[in-house]
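Contents: one structure, followed by commentary.
The values are calculated or read from the model by the stated rules, or taken from the named source; none is laboratory data. Note that this is a predicted model, so its numbers are computed, not measured. Glycine gets a Cβ as well: all are built from the backbone with ideal geometry, and neighbour counts include every protein chain shown. Please note that ligands, DNA and RNA were not included when accessible areas were found on the heavy atoms of the full protein model with its side chains. Shrake-Rupley method; radii C 1.70, N 1.55, O 1.52, S 1.80 Å.
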Amino acid sequence: MMFSRSPRFAMGLMAAASVVALHTSPALAFDPSGNEIADAFLAMLDAEEGTVESYGAVNTSGSEVTITDLVVKDEGSDEATVTIAKTVLSDGELQSNGRLKLSALGLENLNLDADDGGMSLQSLNVTDLVLPSVEEITSETTTMNPGYRTFEVNAVEIRDENGKVADIANISSSIDGMDGDLPTSGQFSITGAVIDAKQIADDGGKELIELGYETLSLDLSSSGKWDPDAATLVVPELKIDAQDAASLSLSFSLGGVTREVVNQLEANSENPEKAMEYLQQVTISNIKIRLDDASLTGRILDQEASKAGVETPVYVAGLTGSLPLMLGMLQNKELEGQVAQAVTEYLTTPGSLEVVASPGAPVPVSQIVGTAMLAPQMIPQILSVAITANQ
């Protein structure tokens, strides 16, 4: 059995995941079905500020328990109502500690309606799922969250009060290795996310439209591996790809990531000062950030040049000409030259821009924090930062 703490997904996914992790009340607000597995699941959904308002039927076929037409209502400020046409619980086992273990959980046609919008999804499927007991969910000290092996959501629609804001074709996550209760390797991806700029209420939507993006299509992917014995964490790539705009990727390798550090960071997730004490034990081995342009840079330069009332090449020449003055704060002539050359090449002919930090020996986060306070201009030198363009 392999499981991890549930991921924190934004917007619609967060709402979907919350269906299986709502803060619940020991008092049941629904009529028990008489099926032990279904009633245990419903009890975990019966929230303090909401209730399992109704369900259609509970049917059993072999090892599968199916709940139809489930309605969960939140009486809080959002006045949210979740409806799920079909919920399938596979190989359910109610453990002695009150936790519910499932080989699979499937939700079909989930819809969340709230005062400020809502979301819907066609399907949500989770494998090797362990849900906390009602007592653990309601406890103020217990941090046990739902654990799983794979998690997949299909055909998500996200709405605000004015209509649809975004679609997401697929969200998936997998846990590929475990060390006790802690995940050691896994993957996460979002594919086919389409944002409607016209529906974004703040200035961000207006700016996208001005750049020529009435819609913006995004993909995100990431993977990582933690070796608790070697105390290393490696993320080979975390990539955000905006079609016809740009892609941004990040990779890094850290040391000093011991079991104690991971456990303490989890335990102190709501206490930043305490968490920072443990984070400073971590060391940085290398970091790489890469930007690949796919027309976004040119659109921004054209827009800014138009605002300035000049041709784009003239505007770019003005920017690059001011680089030496701006880079003087680095107090590192060699790096200043690298940055000026790379940025000039990139702005003149947008292609790629890559920043790499590869110190000769791992650098403790505590050293970086101390340097940032006393002599921030030394950080690039400590981390052996280099920058290149169009390579």
What lysines sit close enough to LYS198 to cross-link, taking a C-alpha to C-alpha distance under 17 Å and skipping anything fewer than 8 places away on the same chain? LYS164, LYS206
In Hz, Karplus ³J(HN,Hα) per residue of segment 331-336 (6.51, -1.76, 1.60; θ = phi - 60°; x = Gly, Pro): 6, 8, 4, 5, 5, 4
Is there a quick way to get the dipole size of the chain? I mean about its Cα centre, with the Cβ of Lys and Arg at +1 and of Asp and Glu at -1; what is the value in debye to the nearest 20? 1420 debye
Which one, SER103, SER352, SER63, has the greatest fluctuation when you compute a Gaussian network model over the chain with C-alpha springs under 10 angstrom? SER63
With θ set to phi - 60°, apply the Karplus curve 6.51 cos²θ - 1.76 cosθ + 1.60 along segment 313-324 and write out the HN-Hα couplings as whole Hz, x wherever there is a Gly or Pro. x, 5, 5, 5, 4, x, 5, 5, x, 8, 4, x
When the chain is treated as a GNM, springs tying every alpha-carbon pair under 10 Å, which of SER221, SER174, SER306 comes out with the largest mean-square fluctuation? SER306
Considering amide H positions built from the backbone, and no H for Pro or chain starts, which residues 5 or more places from ARG99, or on another chain, come under 5 Å of its amide H? SER133
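Tally Lys/Arg at +1 and Asp/Glu at -1 over every other residue whose Cβ is under 14 Å from the Cβ of VAL343; what's the total?
Neighbour charge sum, excluding VAL343 itself: -4.
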Once phi is turned into θ = phi - 60°, what whole-Hz ³J(HN,Hα) does the Karplus curve with 6.51, -1.76 and 1.60 give for every residue of segment 164-172, x standing for Gly and Pro? 5, 9, 7, 10, 10, 5, 7, 10, 9
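For every helix of n ≥ 4 consecutive DSSP H residues, a contribution of -39,500 (n - 2.57) applies; sum these over the chain, divide by its total residues, and give [θ] at 222 nm rounded to the nearest 500 deg cm²/dmol.
Details: 12 runs with 106 residues, N = 391.
The per-residue figure over the chain is -7500 deg cm²/dmol.
Just flag the GluC sites (Glu not before Pro) in segment 294-355 sitting in loop per DSSP whose Cβ has no more than 15 other Cβ atoms within 10 Å.
Details: sites: GLU304, GLU311, GLU334, GLU336, GLU345, GLU354; in loops: GLU311.
Here the GluC sites (Glu not before Pro) that fit, given the DSSP loop and packing criteria, are GLU311.
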Give the relative contact order (percent, whole number) for the chain; include only Cα pairs under 8 Å separated by 6+ residues. 9 percent
Protein accessible area in segment 221-277, 1.4 Å probe - carbon and sulfur %: 52 percent
The alpha-carbon pair-distance distribution computed for the chain, with 10 angstrom bins and whole-percent values, is 4, 17, 24, 24, 17, 9, 3, 0
